[in-house]
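Each value in this text was obtained by applying a stated rule to the coordinates, not by laboratory testing. Just so you know, these numbers come straight off a predicted model, no measurement behind them. A quick note on method: Cβ atoms are made from the backbone with ideal geometry, for glycine too, and the neighbour counts reach across all protein chains shown.
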Amino acid sequence: MNAQTKTHTATPWRLYNRRTRTTIVENDNYSNVLEGINCKANAAFIVKAVNNHDALVETLKSAKHDMDMRAVSIDNPTYKLALDALKAIESGS
C-alpha cells in the first residue's frame, strides 16, 4: 500500500470509454482510479470485490429466498436492501 493512503478512492466509480481504451474513473471528475496516490488501494479494492462477487451474490439470493419463504413484508428494511442490491446487480450498475 502507498505510505500516504491505505483507503481507496470514494465510490461510485464508472467505466469511461475513450477511443481506444476503457478506464475506471471516479463518478464526478473522470480521474482514473488506477493512477495516482490511491492506485494501489484502488487495485486491491477491485481485486477483493471481484474475488468475492459470486459468493456475495449467491448469499444475497439465498437471503432473499429465505425472506420470501417467511413472507417478510416488502416494507422490511433488510428485504428492501436485498431487492435493491439484486436490481443493481441485474442492471449492471
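Structure notes:
- For the range 42-49, Karplus couplings with θ = phi - 60° (6.51, -1.76, 1.60), whole Hz, Gly/Pro x: 5, 4, 4, 4, 4, 4, 4, 5
- Per residue, the convex hull spanned by the Cα atoms of the chain amounts to 129 cubic angstrom.
- GluC sites (Glu not before Pro) within the range 26-63: DSSP coil, no more than 14 neighbouring Cβ in 10 Å: GLU35
- The chymotrypsin sites (Phe, Trp or Tyr not before Pro) of the range 3-93 meeting both criteria, a DSSP state outside H, G, I, E and B (loop) and at most 14 other C-beta atoms within 10 angstrom of the site's C-beta, are TYR30.
- Reachable lysines, given that their alpha-carbon falls under 28 Å from the alpha-carbon of LYS61 and they are not under 8 places away in the same chain: LYS48, LYS80, LYS87
- The helix-only estimate of mean residue ellipticity at 222 nm for the chain, built from DSSP H runs of length n ≥ 4 each weighted as -39500 (n - 2.57), is -17500 deg cm²/dmol after division by the residue total.
- Sparsely packed loop sites in the chain (the trypsin sites (Lys or Arg not before Pro) outside DSSP H, G, I, E and B with at most 16 other Cβ atoms within 10 Å) comprise LYS6, ARG18, ARG19, ARG21, ARG70.
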